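These notes are about the structure you will find just below.
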Amino acid sequence: MRKCFLLPAFFAAAFFAPQAAVSAPAAVSAPASAARPANLQPAGEDAAKTVSKSALAATRVDSKLNETVLHRSVLDYYLPADISAVAKKCAAGETDECYFSFKTFENSPDKQIAAAANLELAVMSLQRGLVKQSLKYIDRACELNPDDPFAELTRGWLLLSAGKYKKARKAFQDLLYLTADFEYVSSAKLGTALAWYFNGKKEEAATELQYLYTSNPYSISFVSYMLGRIASEMKPSRKLAPVFLQQALSHDEKNYAAVELFAKLSEKEKNKLRAWQYYATLYSLDPENEKLAKKIAKYSKEMGDKSIDYLFYLRLEQPIVHEMVSTPSEKVKMALYANREQVPQELQSFSLMPSGTMAVTDEKLGSVLRSSSYVEKTVEFNPETGGVDFKNAKGHVEFSAKRPFTVTVENPNKTLLVKNARTSNIFAADLSDKELKGSLLVVPTPAGIKLINEVYAEDLIPALLATQVQDITHEAALEALAVVFRSALLQAAADRQGEPYHITDNDEHFKFKGINLIFKTLLDASKESGKIRLTEAQAGAYADCGVLAADALENTADKPGYVFSPANVSKYILSNPPADLYSRPQDPTRWSGIKWMYIYDGKEIENRIAHKHNIGKLRAVTPTSFTPKGRVLSMRFEGSKGSYEAKTPQEVAFILSAGTMRSNLFDVVPLYKGKNIKSVLVRGYDTGLGYGLCLHGADGLAKEGADYMAIIKYYFPEARILNTTTGTIN
């Protein structure tokens with residue numbers, strides 16, 4: 001087996017895909033040395049010490065983090081009845097009516113109501129780009145309730161957003177006289193660091209960031225990125241930048257800004273290979289980005305015809321599984337090599353290697369070719385004839401076709417490896433090698449070849465599990481996820497009956513990277529749960545869950561009493577996860593799946609919107625509809641020349657982050673320079689859309705003794721559970 005580079009974690013999965021799906025599975029190597037500068041040291045809970053005279057020489061503290069402090073929350077979400085009633089209008093998507101309804105209470109004789117209304121108005125005004133008004137409202141809220149630390153903290157962040165850095169630092173400092181609680185103090189210190197940084201005081205910013213680096217595991221990736229960014233801008237510390245950026249990515253593989261800076265630094269260092277790899281993966285996420293396209297054109301020319309061989313694709317010399325006993329069941333048709341829009345790409349060529357005798361069957365001519373095991377064949381699109389040529393190792397054509405033909409391995413327990421897939425656009429899909437079960441339909445098209453794998457659902461499920469669960473350890477959790485996949489697969493097959501294919505290998509709910517990734521526990525989990533499927537349920541899954549994993553569920557016995565309002569979303573995102581959270585990671589520095597923070601460039605956001613509508617300079621980022629708990633469903637982007645509304649969570653994430661954001665439960669702090677937004681700070685919680693099975697939550701429930709049926713009933717309380725053996729439903 002030959003192993004090429006893997007995508008750097010987050011690039012391997014589309015938006016809202018489970019976090020675990022993007023890490024290197026046991027059967028695959030980690031990125032090779034070309035993907036990491038030689039001077040980088042291994043990252044982990046106890047990262048290596050860096051020796052330097054610079055203020056940037058941060059060192060991880062080896063002492064155990066204070067678990068009590070990290071999981072105690074002092075926040076409450078109480079809203080006066082009148083304010084709560086208005087907030088429901090926001091939840092219903094009536095944001096304008098919600099805003100103006102809050103205004104009717106801003107001068108209420110009841111100070112509690114007036115303070116709450118002004119706080120909400122401050123948050124919503126900032127979302128609308130009304131920066132001066134937001135500052136007026138937050139000043140009034142603090143005046144009405146001077147002992148409220150959240151109002152004072154919000155004032156600091158609003159001042160930071162407005163570019164009033166000195167006043168922001170004062171507000172954050174004033175907060176420390178109101179509370180010493182970790183939630184508030186860490187947020188204030190982060191705000192202070194950013195205020196110093198954006199005011200050009202990088203050493204002062206680094207000092208604040210070092211404190212957070214050693215004390216707050218929830219922000220370690222973002223803080224590491226900021227330290228790397230500062231180091232890259234200071235000549236004496238520039239050599240430390242890759243160290244901190246690698247730390248940022250080791251703790252959160254979805255940190256887009258860290259990878260972007262890595263690419264730029266690699267280019268400055270004239271490391272062509274690494275620059276090519278990182279620019280290529282960035283381009284695969286944002287293929288309409290003109291600047292990235294120019295970088296790709298430049299490095300493609302320099303790397304030559306072998307450029308694809310230096311990308312982060314898995315390459316296999318021969319089948320790994322060799323043999324896997326099939327489980328006859330309903331068949332699923334899966335299109336291979338699909339892009340992020342679920343469109344299977346037209347290949348120009350690919351190779352096949354079976355682990356048993358392979359047969360080729362034409363739909364009209366019948367059997368046309370047989371080949372021995374482990375003999376590689378190449379299939380090429382012939383642009384001159386518009387057909388497909390099936391060639392042997394010496395390049396001789398053994399069979400040509402313009403009609404679809406089927407490739408099977410005669411022994412149904414053997415496997416077929418698809419290798420070296422090539423397209424005219426090598427960034428259109430993940431072109432890694434994939435080992436298959438079942439049959440492969442080869443479909444000639446006017447521009448290339450499309451591939452469709454027809455496979456038993458039960459043979460496919462273990463491979464789908466493998467892309468998501470390498471750090472899920474309990475059998476019951478694996479069995480529960482197998483039920484979810486089974487239900488979703490069979491539903492997709494039923495919904496698309498008669499269509500050329502039912503799903504793609506880059507489907508929103510499941511990713512397929514080959515049965516070469518499976519191992520025994522996954523086979524056992526699929527077999528054990530094989531008789532169970534869900535009906536009348538949204539059978540999705542996501543990696544990590546906070547307390548508000550879904551609108552009807554809370555993943556903890558320590559209920560926070562959360563009530564939605566625009567300000568309460570920010571308060572919840574500030575809150576510490578409770579100690580009994582079901583999806584709590586064992587490693588205290590691995591919280592990025594549950595609490596995360598990213599910064600995105602305003603110009604890049606403008607450019608992504610410009611491909612749909614030219615709004616000019618970005619002026620406001622306004623959520624326009626929510627779920628009842630505050631997850632963002634749509635967002636309006638206001639500009640100097642117009643506005644554009646992203647109408648799905650996926651489109652929102654693409655515009656903000658090229659699709660790499662973890663979930664749609666977040667708030668936004670726009671960072672202004674004058675009237676325009678220079679960058680956007682996004683603070684969020686958990687992964688996915690909050691519906692379906694939480695993988696790490698299921699693992700936590702299993703750890704407490706729940707079997708897979710109990711886990712299913714917890715995450716799908718309204719579902720009907722069908723036992724296909726007995727025919728009973730409960």
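The values are calculated or read from the model by the stated rules, or taken from the named source; none is laboratory data. Since this is a predicted model, take the numbers as computed values, not measurements. Using ideal geometry, Cβ is built from the backbone for each residue, glycine included, and neighbour counts are taken over all protein chains shown. Keep in mind that these areas ignore ligands, DNA and RNA; they rest on the heavy atoms of the full protein, side chains included. Shrake-Rupley method; radii C 1.70, N 1.55, O 1.52, S 1.80 Å.
Modelled spin labels at R370 and Q342, positioned 7 Å past Cα toward Cβ, are 4.0 nm from each other. For the peptides 119-131, 641-653, the ranking by mean Cβ contacts within 10 Å, running from highest to lowest, is 119-131, 641-653.
In this rough spin-label picture, where each label sits 7 Å from Cα along the Cβ direction, the K239-F100 distance is 6.3 nm. The string of couplings for the stretch 616-625 from the Karplus curve (6.51, -1.76, 1.60, θ = phi - 60°) is x, 6, 5, 10, 7, 10, 10, x, 10, 8 Hz, one whole number per residue in order, with x for Gly and Pro.
Considering helices alone, the calculated mean residue ellipticity of the chain at 222 nm is -11000 deg cm²/dmol, with DSSP H runs of length four and up weighted by -39500 (n - 2.57) and normalised per residue. Placing +1 on the Cβ of every Lys and Arg and -1 on the Cβ of every Asp and Glu, with no other charges, gives the stretch 205-324 a dipole of roughly 640 debye about its Cα centre. Rolling a 1.4 Å probe over the heavy atoms of the protein chains gives the chain an accessible area of 39 Å² per residue.
Determine the sum of side-chain charges near T622: Lys and Arg each +1, Asp and Glu each -1, restricted to other residues whose C-beta is under 14 angstrom from that of T622. Every neighbour counted, the sum reads -1.
Per-atom-type breakdown for the chain gives carbon and sulfur 50% of the accessible area (1.4 Å probe, protein chains only). Shown is the FRET efficiency for E290 and R315, computed with R0 = 30 Å from the Cβ-Cβ distance and rounded to the nearest 0.05: 0.50. Considering only L464, S634, L130, whose Cα is most displaced toward the positive end of the charge dipole of the chain, charges sitting on Cβ of Lys, Arg (+1) and Asp, Glu (-1)? Most positive-ward Cα: L130.
Taking Cα centroids, how far is the stretch 691-708 from the stretch 78-123 in Å? Each part reduced to its Cα centre gives a spacing of 37 Å. Of the residues A231, S300, Q247, the one whose Cα sits farthest towards the positive end of the charge dipole of the stretch 225-340 is A231 (charges of +1 on Lys and Arg Cβ, -1 on Asp and Glu Cβ, taken about the Cα centre). Amide H to amide H, with H built 1.01 Å from N, T423 comes under 5 Å of Q348, counting only residues 5 or more places away or on other chains. Starting from the Kirkwood radius over alpha-carbon pairs of the stretch 384-452, derive D by Stokes-Einstein at 20 °C in a medium of 1.002 mPa s and give it in µm² s⁻¹. Value of D from the Cα-based Kirkwood radius: 158 µm²/s.
Computed from point charges on the beta carbon alone (+1 for Lys and Arg, -1 for Asp and Glu), the dipole magnitude for the stretch 588-718 about its Cα centre is near 660 Debye. In terms of the mean number of neighbouring beta-carbon atoms within 10 Å, the peptides 74-81, 433-440, 676-683, 336-343 order highest first as 433-440, 676-683, 336-343, 74-81. The residues packed around D389, meaning those with a beta-carbon under 12 Å from its beta-carbon, carry a net charge of 0 if Lys and Arg are +1 and Asp and Glu are -1. Working value for the stretch 86-141: equivalent-ellipsoid semi-axes of 17, 15, 7 Å, each the square root of 5 times a Cα gyration tensor eigenvalue, largest first. Residues whose amide H comes within less than 5 Å of that of S439, counting only those at least five positions distant or on another chain, are E454 (H built at 1.01 Å from N in the peptide plane).
Here the stretch 363-407 is treated with +1 on each Lys and Arg Cβ and -1 on each Asp and Glu Cβ, and its dipole about the Cα centre works out to around 140 debye. The H on the amide N of L693, modeled in the peptide plane, is under 5 Å from the matching H of G540, A541, Y542, each at least 5 residues off or on a different chain.
Here the calculated FRET efficiency for S300 and K394, from their Cβ-Cβ distance with R0 = 30 Å, stands at 0.50, rounded to the nearest 0.05.
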